[in-house]
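Have a look at the structure below, then the notes.
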Amino acid sequence: MVYVNSSATVARGVTVTIGGVAIGEILDDGVPQPQTTTDDIEVTNQDSGEWKEYLAGRKDGGECELKCNAVDGDLGQQALATAYAAGTAYLFITSFPSGSSQSFYGIVKTYDHVIENQILILNCKIKVTGAPEFSVTKSALTGLTVTGEVLVPGTFAGTTYTYTTTIAAADTQTVIVPVCAGAAITVNGVTVASGGNGTITIGAAGTDVVMSVPIVVKETSKAATVYNVIITRPAA
């Protein structure tokens, strides 16, 4: 007897981020995926004969659902609450075990806690805005530095997504410089050209600060990728 092995991928280890922050304990039926549709525009006229005629209209990313076990201390779930309160679009990235990923901007429309099978569940509805991007290839920075500071790990790699740096107690600003020619890049939500300065205001000197700065890079025909630089400033 000959057995034919399937090429199916086991759906285990799927990750979802919002604004670069991972959301914990996503349920199997709670991975958010856009449900895209296309408007149909009727153009039937006297020359159409017996059959109606249509043209394709605008596309819509639809709505998707996100479900996870409710964990109050989870930073990703806290980010969902922040996004719901803000009412603005955030970048969501779903990464699959095969290496492919889906990225889209979405507005968190609902943020509810429900009980299912005696477990407290966080349930969100997300409205997709703009075009979702599915790709087997992720966007990647080719360089990332913090002006005048040491980035850890010291050697940049496009597949290393989190870095740390410590600035002096007297510093009130720092400058992040991302590099990816031809890509759309934002630093902490502000558009920055490749090789340009992403200035981050830390606040008054002499206080303890730990902040995570997301750097989003989007190359044409590739899924968006989020890097994070964690900046620490010790008190004087």
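Remark: the stretch 57-69, residue by residue, has Karplus-estimated 3J(HN,Hα) of x, 6, 8, 10, x, x, 10, 9, 10, 10, 10, 8, 4 Hz, where x stands for each Gly or Pro and the curve is 6.51 cos²θ - 1.76 cosθ + 1.60 at θ = phi - 60°. Normalising the average separation of contacting C-alpha pairs (under 8 angstrom, six or more residues apart) by the number of residues puts the relative contact order of the chain at 17 percent.
The H on the amide N of Val14, modeled in the peptide plane, is under 5 Å from the matching H of no residue at least 5 residues off or on a different chain. In the set [x] 0.94; [y] 1.24; [z] 1.02, the label that goes with Cα Rg over 2.2 N^0.38 Å computed for this structure is [y]. Across Ser221, Ser95, Ser48, mean-square fluctuation computed from a Gaussian network of the chain (C-alpha pairs under 10 Å connected) peaks at Ser48. Axis of helix 75-86 versus longest Cα principal axis of the chain: the two differ by about 70°, to the nearest ten degrees. When the chymotrypsin sites (Phe, Trp or Tyr not before Pro) in the stretch 1-94 are filtered for DSSP coil states and for at most 14 other beta-carbon atoms within 10 Å of their beta-carbon, the remaining sites are Tyr3, Trp51. Neighbour counts of other Cβ atoms within 10 Å put Ser101, Ser135 in the fewest-to-most order Ser135, Ser101.
All of the numbers you see were taken from the coordinates with simple rules; none came from a lab. Remember, predicted model here, so these are calculated numbers, not experimental data. Don't worry about glycine lacking a Cβ; one is built from the backbone with ideal geometry, like all the others, and counts go over all protein chains shown.
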